[in-house]
Amino acid sequence: MNRRSLLRAGTGALLALPLTGLTDGVATAAATPTDGWTQTSFTYSWQKPWNLALSDRHSSGGGVERMWVYATDEPFEEGSGTDPRTEMRWKVDYSTGGHMWDADVYLPSGTDGATFVQILRSVHPSGTPATDIMLDVYDTGGGTVRRYDGTVLRTDAYDTWFNVKLAHEASTGTGTVKVYLDDSLVLTVDDRGPATRYFKNGVYNHGSGRAEARFRNLRYWTR
């Protein structure tokens with residue numbers, strides 16, 4: 001039988017809480033990725049096809065931010081050679097320290113070859129990559145989440161809410177990025193070296209057809 005503690009609630013009911021261990025007979029709570037971090041306010045701006053109104057590619061309601069884009073859409077700036085997108089550009093640029101992006105994500109079936117969250121390096125040495133990490137979804141395995149188009153982080157990701165956290169420990173040298181899915185660590189990688197960067201989330205369509213992503217409970221953590 002699993003060890004559990006019974007705490008008496010104010011109504012007289014008994015509330016069962018799982019224990020992760022005992023120290024001198026005292027229960028210890030399970031660690032979470034945000035332990036030691038401070039939730040911090042943030043602002044953002046929008047990037048969307050330059051010739052469309054935001055409402056043509058975004059809706060908000062019930063605490064959910066819904067974004068979609070078509071492969072045939074224009075880029076976010078006239079004349080840009082980048083792929084079409086509808087994204088929230090977080091205005092919390094940083095170069096050092098601990099920074100964490102945190103949200104529940106919903107990826108509708110059929111979205112293929114689209115980035116739904118990334119750390120973009122806005123100022124970086126010549127010849128170094130433009131991103132530290134991108135999480136993409138592909139139309140295989142019921143929705144496969146990959147780091148770029150390589151490492152598989154999750155399958156069966158379509159049509160369900162799941163939590164994603166990107167925890168970046170940035171430094172003047174090489175830092176680390178950790179990816180948590182539903183609070184389980186699934187990836188630890190080096191970043192691409194010194195830079196000024198920021199988080200982006202939404203849908204950045206590298207594939208064909210229509211791509212969509214939804215977000216709720218967006219939070220920013222620092223330490």
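The values are calculated or read from the model by the stated rules, or taken from the named source; none is laboratory data. On a predicted model such as this, the values are computed, not experimentally measured, just so you know. Ideal geometry is used to build each Cβ from the backbone, glycine not excepted, and the neighbour counts take in all protein chains shown. Calculation scope for accessible area: heavy atoms of the full protein, side chains included, ligands and nucleic acids excluded. Shrake-Rupley method; radii C 1.70, N 1.55, O 1.52, S 1.80 Å.
Considering only Lys200, Lys91, Lys178, the mean-square fluctuation computed in a Gaussian network model of the chain, springs between alpha carbons under 10 angstrom, is largest for Lys91.
With the chain treated as a Gaussian network of Cα nodes joined by springs under 10 Å, which of Ala167, Ala31, Ala195 yields the largest mean-square fluctuation? Result: Ala31 has the largest fluctuation of those listed. Taking label points 7 Å from Cα along the Cα-to-Cβ direction, Thr222 and Lys91 give a separation of 1.5 nm. For the range 121-128, putting each phi into the Karplus relation 6.51 cos²θ - 1.76 cosθ + 1.60 with θ = phi - 60° gives couplings of 8, 6, 10, 8, x, 4, x, 9 Hz, in residue order, rounded to whole numbers and with x for Gly and Pro. Dividing the radius of gyration of the alpha carbons in the chain by their Kirkwood radius gives 1.03 for Rg/Rh. Full extension of the chain between Ser60 and Asp183 gives 41.7 nm of extra length, using 0.36 nm per residue less the Cα-Cα distance. Taken over the Cα atoms of the range 151-211, the convex hull encloses 120 Å³ per residue. What's the longest bit of the chain with no exposed GluC sites (Glu not before Pro), using DSSP loop states and at most 16 other Cβ atoms within 10 Å as the test? Here the longest segment lacking exposed loop sites spans 79-223. Each residue of the range 182-189 was assigned a 3J(HN,Hα) from its phi angle through the Karplus curve 6.51 cos²θ - 1.76 cosθ + 1.60 (θ = phi - 60°); the sequence is 6, 6, 9, 5, 10, 7, 10, 9 Hz, with glycine and proline shown as x. Calculate what fraction, in whole %, of the accessible area of the chain sits on carbon and sulfur atoms when a 1.4 Å probe is rolled over the protein chains. The nonpolar share, carbon plus sulfur, comes to 49 percent. Length gained on full extension, Ala130 to Ala53, computed as 0.36 nm times the residue gap minus the Cα-Cα distance: 25.0 nm. Entry comment: accessible area of the chain is 49 Å² per residue, from protein heavy atoms only and a probe of 1.4 Å. Note on Phe162 and Glu78: with the Förster distance fixed at 25 Å, the Cβ-Cβ geometry gives a FRET efficiency of about 0.10. The string of couplings for the range 107-118 from the Karplus curve (6.51, -1.76, 1.60, θ = phi - 60°) is 10, x, 4, x, 5, 9, x, 10, 7, 10, 7, 7 Hz, one whole number per residue in order, with x for Gly and Pro. Placing a label point 7 Å from the Cα of Thr151 along the Cα-to-Cβ direction, the residues of the range 67-99 whose backbone N falls under 18 Å of that point are 99.
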